[in-house]
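Everything below concerns the one structure shown next.
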Amino acid sequence: MSLAPDLIETLARARADLRMGVPVVLTDGQNAALVLAAETLDAQRLADVLALGTTPVLAISARRAATLKARAYDGDLARVILPPDASLPWVLSVADPADDLKMPMKGPLATARDGCADLHRLALSLVKSARLLPAALVLDVVDGPAMASEHRLTLVNATTAAPHMLKMSPLHPVVNARLPLEVSEAGRLHIFRPEDGGEEHYAVEIGQPRRDTPVLARLHSACFTGDLMGSLKCDCGPQLRGALAQMGAEGAGVLLYLNQEGRGIGLANKMRAYSLQDQGFDTVEANHRLGFEDDERDFRIGAEILKRMGFSSVRLLTNNPGKIAMMEHSGIKVAERVPLKVGENAHNRAYLATKAKKSGHML
């Protein structure tokens, strides 16, 4: 019997620590590193790290490195070497593109090319999964377990954690209850909770859809600004209401409401992307400048919920070919794509055109 946290619980603790600015320690048995999220770093902790005597690096994604003209010798990431006079504003300016146009000259930035970058890769994966900017301060240490013990820091076994980070966390049904809706009084809301401590996801079931025929379904990613505030910068709100209305009209359907705000980067980073769009970058360019890919969502979640509810095939309400491909790859047959073209206006016309041109949306 052990009351100690397992790997999943340790990773959840590590994400929480990073969000609060607390360091974590990663070790693979041979190497070890102290890791802090750049976004939540403060001046005192930076001074404490620099006082340890070894020069840290700032791990950033290859997307961010391309913006900064920094060499990404490790392929998917770059290890930017901190200059001797590195300050907190310098670290944040490399991590956050908010002032790129005001202060475009941040380099030349020296990047490491020798040694293994596996711990740095895991560090970036952790800060991204914590919905923080993809930038991590990483300092090699001699004895990771000793440092973690001395400073009461979370210790993560990178050997087992790295492959685990690529997996989707198992989902478990929590509760479901009748929920009369404007579009249909025969509504029911199902709550699903992931094992990794992440946000819950929801399924809105309209009527009593049969399990032996393709169900009218939509994978809808949470959009606080569009769904709740009526934002005109996207078409999310109209898509949500349009999908529910169509399910109500047909008398049956399932809308999966997935908490993957901002195409999986979180609301804070989405607002950062909006700020960059105000500077003239399109939605894809903004994501890349932040260090993210075009789309960071995991549609396997939707497929897993459908399976949990007993569905094996769908008539998918979508304009996104990526959703279709992921459904099929995850074992859900897409019998039909049902177009959902609503919500275009003067404020989001360029955004929709970018989605069609660069992300292949069928608009």
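Note on region 1-148: with neighbouring protein chains present and a 1.4 Å probe, carbon and sulfur make up 55 percent of its accessible heavy-atom surface. Applied to region 195-210, the Karplus parametrisation 6.51 cos²θ - 1.76 cosθ + 1.60 on θ = phi - 60° returns per-residue 3J(HN,Hα) values of 6, 8, x, x, 5, 6, 10, 10, 10, 9, 9, 9, x, 10, x, 5 Hz, with x for Gly and Pro. Placing dummy labels 7 Å off each Cα toward the beta-carbon, the span from LEU88 to ARG308 is 4.0 nm.
Provide LEU340, LEU189 ordered by accessible surface of protein heavy atoms (probe 1.4 Å), highest first.
If we order LEU340, LEU189 from most to least accessible, we get LEU189, LEU340.
In terms of accessible area, using a 1.4 Å probe and ignoring ligands and nucleic acids, GLU185, GLU296, GLU250 rank largest first as GLU185, GLU250, GLU296. Stretched out straight at 0.36 nm per residue, the stretch from GLN44 to THR160 would grow longer than its current Cα-Cα span by 38.6 nm.
Pop the C-beta distance of MET229 and HIS329 into the FRET formula with R0 = 45 Å and round what comes out to the nearest 0.05. Calculated transfer efficiency: 0.85. Seen against the Cα atoms of the chain and their longest principal axis, helix 118-129 is set at about 40 degrees. GNM remark for the chain: springs join alpha carbons under 10 Å apart, and the peak mean-square fluctuation among GLY310, GLY302, GLY266 falls on GLY310. The residues of the chain present an accessible area of 47 Å² per residue when probed at 1.4 Å with all protein chains retained. Once the chain from VAL342 to ALA16 is taken as fully extended at 0.36 nm per residue, the excess over their C-alpha distance is 113.6 nm. Remark: for residue pairs LYS233/LYS357; LYS323/LYS357; LYS270/LYS341; LYS270/LYS355; LYS167/LYS355; LYS106/LYS233, the C-alpha separation exceeds 25 Å in LYS167/LYS355; LYS106/LYS233. For region 1-112, a crude dipole built from +1 on the beta carbon of Lys and Arg and -1 on the beta carbon of Asp and Glu, taken about the Cα centre, is about 320 debye to the nearest 20. Qualifying trypsin sites (Lys or Arg not before Pro) in region 100-183, where qualification requires a DSSP coil assignment and no more than 16 other C-beta atoms within 10 Å, comprise LYS102, LYS106, ARG113, ARG152, LYS167. Length gained on full extension, LEU101 to ASP76, computed as 0.36 nm times the residue gap minus the Cα-Cα distance: 6.6 nm. Starting from one equal scatterer on each C-alpha and no solvent at all, send me the Debye-based log10 I(q)/I(0) for the chain at q = 0.09 Å⁻¹, two decimals. Values returned for q = 0.09 Å⁻¹ are -0.57.
In order along region 223-239, the Karplus-derived 3J(HN,Hα) couplings, from 6.51 cos²θ - 1.76 cosθ + 1.60 at θ = phi - 60°, round to 9, 4, 5, x, 6, 9, 9, x, 4, 9, 7, 9, 10, 5, x, x, 5 Hz, and Gly and Pro are given as x.
For region 1-134, what class follows from the C-alpha gyration tensor (a ≥ b ≥ c being the square roots of its eigenvalues): rounded when a/c is under 1.5, otherwise prolate if a/b is larger than b/c, else oblate? Walk me through the numbers on the way to the answer.
Details: a/c = 1.71, a/b = 1.59, b/c = 1.07.
Prolate shape, in that a/c is at least 1.5 and a/b is the bigger ratio.
The values are calculated or read from the model by the stated rules, or taken from the named source; none is laboratory data. These numbers come from a predicted model, not from an experiment. A quick note on method: Cβ atoms are made from the backbone with ideal geometry, for glycine too, and the neighbour counts reach across all protein chains shown. The area values use the complete protein model at the heavy-atom level, side chains included, leaving out ligands, DNA and RNA. Shrake-Rupley method; radii C 1.70, N 1.55, O 1.52, S 1.80 Å.
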